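Engineer: First the structure, then my questions, so here it is.
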Amino acid sequence: MASTTTPLLERADAALAAKNTVEAERLYKEVLGTSSGSTTDTSVQQQQVRDQEKALVKLGELYRDQKNAQALSTVISQSRAFMASTTAKAKTAKLIRSLLDFFAAIPDSQDVLKQTLVENIEWAKKEKRIFLKHSLETRLVGLYIDTLAYRPALAMIDTLLTELKRLDDKMILTEVHLLESRVYRGIGSWAKAKAALTSSRTAANAIYCPPLLQAQLDLQSGVLHAEDKDYTTAYSYFFEAFEGLENNIGGEDKKGDGKEALGALKYMLLCKVMLNLPEDVNNLLTIKLATRYAHSRDVESMRAIARAHQDRNLQEFERVLREYRAELSSDPTIRSHLASLYDNLLEQNLLRIIEPYSTVEIAHVAELVGQERQGVEAKLSQMILDKVFHGVLDQGRGCLLVFDEPEVDKAYGAAIETLEEVGKVVQSLYAKVRFSFWLGWSRAGWDADVGYV
């Protein structure tokens, strides 16, 4: 007896190929709604289950292409009923994860995805599907991090770590510790972020670490080294991460859009700029893996930043920040380091302007540097306190008084060194006298009645 779902599935595929999405959707739903209990033939039942699994994935792809997040969520919820009774646990988990991956291609679908994950976690908990529950909770933590919801992310991570350490599941433990590091980095707790990353690497060393996960570990390591201003080490980690992410596009990277690889490439370019090597930016873009991104807007933004930094042009730097606001401000790592770079560039421009003066009006300095007077005054005050140069702000006259660097009187240093040496001589003499006194006392002899005589 032939399966009744196979012809329906073929008709649905044909309708989809003919761009008749309405008919294809109806037929896929009809396949999913077919009961496998209508026949007792085991081979027919197995074929119906396979057809339903295919129809489920096809329907998910259809809603993904239509950018219909709510319909995709509904399909996942409705499919749990037949998957729970006809599909193995491992296959069910794979199907649900595959359907959830489709949300990545749908813009502004975070809220729907979050609700879908919560519902599926509750279902997995009820059905005692522990590994599926952990996988979905890990995905939900990542979603919390993407939406900057760090408090619920930390609460879920604490619960996950307790359960995973009891089960000794090193793979998910590696992922959760990595997410924990990202959370602590997001809230600015760098010491805890490094500790979590160390725990993640320790767990990864005990298992085979997939290339995509290894690339994500390298990426996080590079971010933390960059925060410590160790841009050379950070660059090496970013390069390893870029190679791993680029080589896995279409493999483990289900999105296949190279977004993470492009992010790693931007970090590499940022390190070159922060190392005062902006001329290396163009050379870096000629390597084979980077050529596909060379003309993207994200890379163009970093190339423009490198040119402005190389020319020490503050106005050009500000123009680039305005023109590429979306590309440069959306990533907190790039945003924070560019803020530091802008501060250094402003400082260099101010030093160049005030160098020939002993007294200069603050308004004139602000005009030359192209900044507001109040901001320039605050920056000059900070530079004086940091001893970048020696001077005083005369706010009454609105002027900056620049002093020559005071000469250090070497007599004070020489006097201190002399006193230290004299102190050593006195200590040496005192030790010798004390030893001589003890030696004479010990040679005097001993009398039983009067003691030493």
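The values are calculated or read from the model by the stated rules, or taken from the named source; none is laboratory data. Treat the numbers as computed from the prediction; the structure is a model and nothing was measured. As a convention, Cβ positions derive from the backbone with ideal geometry for all residues, glycine included, and neighbour counts pool all protein chains shown. With ligands, DNA and RNA removed, areas are computed over all heavy atoms of the protein, side chains included. Shrake-Rupley method; radii C 1.70, N 1.55, O 1.52, S 1.80 Å.
Engineer: On C-alpha positions alone, give me the angle between the axis of helix 332-354 and the longest principal axis of the chain, in degrees, nearest 10.
Structural biologist: 40
Engineer: Still on this model: If you line up the long axis of helix 373-385 against the longest principal axis of the chain, both from Cα atoms, how many degrees apart are they, to the nearest 10?
Structural biologist: 50
Engineer: A further question on this structure: Rounded to the nearest 500, what is the 222 nm mean residue ellipticity of the chain from helices alone, with -39500 (n - 2.57) per DSSP H run of 4+ residues and division by all residues?
Structural biologist: -24000 deg cm²/dmol
Engineer: Quickly rank 261-273, 379-391 as a protection proxy: mean count of other C-beta atoms within 10 Å, highest first.
Structural biologist: Ranking, from highest mean packing down: 261-273, 379-391.
Engineer: Kindly express, to the nearest 10 degrees and within the range 0 to 90, the angle between helix 259-274's C-alpha long axis and the longest C-alpha principal axis of the chain.
Structural biologist: 20
Engineer: With a/c under 1.5 counting as rounded, go ahead and sort the chain into rounded, prolate or oblate using the C-alpha gyration tensor (a ≥ b ≥ c being the square roots of the eigenvalues; past the cut-off, prolate if a/b is larger than b/c, else oblate).
Structural biologist: Judged from the Cα gyration tensor, the chain comes out oblate (a/c at least 1.5, b/c at or above a/b).
Engineer: With Cβ to Cβ distances under 10 Å as the rule, what net charge do the other residues near L197 carry (K, R +1; D, E -1)?
Structural biologist: +4
Engineer: What are the equivalent ellipsoid semi-axes of the stretch 356-421, built from the alpha-carbon gyration tensor (square roots of five times its eigenvalues), in whole angstrom, biggest first?
Structural biologist: They are 35, 11, 9 Å, listed largest first.
Engineer: So, R0 is 22 Å and r is the distance between the beta-carbons of D404 and R352; what FRET efficiency does that work out to, to 0.05?
Structural biologist: That pair, D404 with R352, gives E of 0.80.
Engineer: All other residues with a Cβ under 11 Å from the Cβ of C209 taken together, and with Lys, Arg as +1 and Asp, Glu as -1, what is their net charge?
Structural biologist: Once all neighbours under 11 Å are counted, the net charge is 0.
Engineer: Give the carbon-plus-sulfur fraction of the accessible surface of the stretch 340-408 in %, rounded to a whole number; probe 1.4 Å, heavy atoms of protein chains only.
Structural biologist: On the stretch 340-408, the fraction of accessible area on carbon and sulfur atoms equals 48 percent.
Engineer: While we're looking at this one, here's another question. Of Q315, M383, T333, which is farthest along the charge dipole of the chain in the positive direction, counting Lys and Arg as +1 and Asp and Glu as -1 at C-beta?
Structural biologist: Of the listed residues, the answer is T333.
Engineer: Of K229/K266; K54/K89; K54/K114; K165/K259; K192/K229; K94/K133, which pairs sit farther than 22 Å apart, going by alpha carbon to alpha carbon?
Structural biologist: Beyond 22 Å between Cα atoms: K54/K114; K165/K259.
Engineer: Find the centroid of the Cα atoms in the stretch 211-226 and in the stretch 343-393, then give the distance between the two in whole Å.
Structural biologist: Between the Cα centres of the stretch 211-226 and the stretch 343-393 lies a distance of 39 Å.
Engineer: Between K192 and A326, what FRET efficiency comes out of the Förster formula 1/(1 + (r/R0)^6) with R0 = 35 Å and r the beta carbon distance, rounded to 0.05?
Structural biologist: 0.70
Engineer: Then there is this: Taking 0.36 nm per intervening residue step and subtracting the Cα-Cα distance, what contour gain separates A149 from K94 on full extension?
Structural biologist: Additional length available on full extension: 17.1 nm.
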